[in-house]
Amino acid sequence: MLSVQNLCKYYGSTPALVNINLDVHMGEHVVLIGSSGSGKSTLLRCINYLEEPDDGRIWLDGQYIGGHIDQANQWVKDQPSELAHKRRDIGMVFQGFHLFAHLKIIDNVAIGPRRVLKKSKATSRELARYLLDKVHLGKHADKYPWQLSGGEQQRVAIARALAMNPKLMLFDEPTSALDPRLTHEVFQVVQELANEGITMMIVTHEIKFAQKIADTIVFMEKGEIVEVETVQKIFSDPQDERTQKFLSYVL
Ligand SMILES: Nc1ncnc2c1ncn2[C@@H]1O[C@H](COP(=O)(O)OP(=O)(O)OP(=O)(O)O)[C@@H](O)[C@H]1O
Ligand SMILES: [Mg+2]
């Protein structure tokens with residue numbers, strides 16, 4: 001489904017990602033772990049082209065994001081409209097929820113299908129209601145974001161991302177602004193989506209949740225992928241010394 005190929009990203013002369021290669025299969029749930037500054041957010045942000053990589057390619061379900069290879073075998077950058085079109089295939093949920101404060105919950109979810117996918121108002125709202133039910137917020141459809149808890153707002157953000165019918169969902173520390181109970185509510189919804197077979201990559205420091213949801217764990221350090229392993233293997237028998245050290249702190 002996703003193939004990250006020789007991806008590099010620099011901020012000035014500081015390398016944030018160094019030659020990242022990673023494949024994610026359809027329906028796979030990948031959790032990225034690693035200490036602060038290891039490049040986890042940068043990797044997600046480059047995958048959906050919120051940040052343009054300095055080198056390397058992102059391939060998603062049959063096409064490259066950010067450009068294509070022409071008949072002369074040259075890389076041609078996407079026009080902004082082409083890139084925007086491709087980026088719809090990737091849903092992203094951040095630590096902050098970034099909801100539209102002046103819109104009701106239902107309209108926060110319906111606005112993407114309505115404005116971007118050009119669906120009718122009725123169809124967009126019907127879809128929004130369906131998705132709000134899915135994240136257990138059906139009752140709150142007519143409230144405004146400020147009337148919801150942080151965990152509820154984050155679930156609205158998840159519904160909003162799902163409304164674009166993405167092929168891949170990216171979660172960057174979706175619960176780090178939430179207390180344990182609200183964290184549980186959000187993780188429950190993410191787990192339900194995982195059970196439905198949605199392909200996802202999740203950055204989290206919540207190791208227990210990672211163990212539960214992940215098929216595959218990616219451990220990063222200093223902009224590099226150190227180890228990619230099944231969840232069973234990495235926690236019971238990490239191969240690289242750096243992974244062993246990191247896990248000894250968090251387990
Ligand atoms: N916009 C930016 N400008 C300059 N440097 C940046 C920028 N974003 C990230 N970096 C640097 O890139 C490196 C990777 O950062 P990144 O945010 O990807 O780490 P992370 O693994 O997500 O960390 P955390 O667990 O704290 O969220 C860090 O050294 C960081 O300081
Ligand atoms: Mg981060």
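For this structure, a couple of remarks:
- Within a Gaussian network of the chain (alpha carbon springs, distance under 10 Å), most fluctuating of Asn73, Asn21, Asn108: Asn73
- Note on the chain: with a GNM built from Cα contacts shorter than 10 Å, the maximum mean-square fluctuation among Arg57, Arg160, Arg181 falls on Arg181.
- Site pair Leu103 and His68 shows an inter-label distance of 2.9 nm when each label is modelled 7 Å from Cα along Cα→Cβ.
- The calculated FRET efficiency for Arg115 paired with Tyr249, based on their beta-carbon distance and R0 = 45 Å, is about 0.50.
- Loop-located GluC sites (Glu not before Pro) in the stretch 196-251 (DSSP state not H, G, I, E or B) with no more than 11 neighbouring Cβ atoms inside 10 Å: Glu196.
- Taking the protein heavy atoms of the stretch 177-245 in the context of the full set of protein chains, the accessible area attributed to carbon and sulfur is 45 percent at 1.4 Å.
- Using a Förster distance of 30 Å, the FRET efficiency for Glu196-Trp75 (Cβ separation, nearest 0.05): 0.25
- Spin-label pair Asp179-Ser13: with each label point 7 Å from Cα along the Cα-Cβ axis, the two points sit 4.8 nm from one another.
- Mean residue ellipticity, 222 nm, helices only, the chain: the sum of -39500 (n - 2.57) across DSSP H runs of n ≥ 4, divided by residue count and rounded to 500, is -10500 deg cm²/dmol.
- Residues in the stretch 11-49 reached by a label modelled at Ser3 [backbone nitrogen below 11 Å; 7 Å Cα→Cβ]: 22-24
- Principal axes of the stretch 91-195: Cα extent on each, largest first, Å: 38, 30, 20
The values are calculated or read from the model by the stated rules, or taken from the named source; none is laboratory data. Please read all numbers here as calculations on a predicted model, not as lab measurements. Using ideal geometry, Cβ is built from the backbone for each residue, glycine included, and neighbour counts are taken over all protein chains shown. Ligands, DNA and RNA are excluded from the accessible area calculation, which covers all protein heavy atoms including side chains. Shrake-Rupley method; radii C 1.70, N 1.55, O 1.52, S 1.80 Å.
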